[in-house]
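Engineer: My structure is below; once you've seen it, I'll send some questions.
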Amino acid sequence: VTKQLESFDQGVEETNSAEVDLWQVFFANPREWWDKRRHKTNPKQPDFKHKDTGEALWLDSDTPAWVTRQLELLDQRNANKRGYHQEETGRSSRLADWI
């Protein structure tokens, strides 16, 4: 039983490590990922999906706290960029969401 628990713990650690690594890849270049949070129709759909590789990330209760903080900062920065673009042009554009 102890070996089974050790094996299970190791599997959980490996999974968490792989997920943390993927979050780090996400934050290294978030423009390479689709942000699906606003358009999810099913909770099983990912929150973020890589545009080229199709890798996916979900936000859930197991998501590390640092990820949540970084996402808040990223969302704030993106909102500020959109607001600046709207002030400069007097209108909003979908392209502005990605610049």
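The numbers here are math on the coordinates, done by the rules we state, and not lab data. Quick caveat, the model's predicted, so the values are computed rather than measured. We place every Cβ from the backbone using ideal geometry, glycine too, and count neighbours over all the protein chains shown.
Engineer: In whole Hz, with x marking every Gly and Pro, tabulate ³J(HN,Hα) for the range 59-65 from phi via Karplus 6.51 cos²θ - 1.76 cosθ + 1.60, θ = phi - 60°.
Structural biologist: 9, 8, 5, 8, 5, x, 4
Engineer: Continuing with the same structure: Name the residues whose placed amide hydrogens come within less than 5 Å of the amide hydrogen of Trp33, ignoring near sequence neighbours (fewer than 5 apart) on the same chain.
Structural biologist: Those qualifying (amide H under 5 Å, at least 5 residues apart or on another chain) are Lys51.
Engineer: If you don't mind, there's one more thing I want to ask. Using the count of nearby Cβ atoms within 10 Å as a rough guide to exposure, how do Arg82, Arg31 rank from fewest to most?
Structural biologist: So the ranking, lowest neighbour count to highest, is Arg31, Arg82.
Engineer: Neighbour counts of other C-beta atoms within 10 Å: give me Thr41, Thr53 arranged from fewest to most.
Structural biologist: By the 10 Å Cβ count, ascending, the order reads Thr41, Thr53.
Engineer: Once phi is turned into θ = phi - 60°, what whole-Hz ³J(HN,Hα) does the Karplus curve with 6.51, -1.76 and 1.60 give for every residue of the range 69-74, x standing for Gly and Pro?
Structural biologist: Computed from phi, the couplings for the range 69-74 are 5, 5, 5, 4, 5, 4 Hz.
Engineer: Could you list Ser61, Ser17 so that the one with the fewest beta carbons within 10 Å of its beta carbon is first and the one with the most is last?
Structural biologist: In increasing order of surrounding Cβ atoms, one gets Ser61, Ser17.
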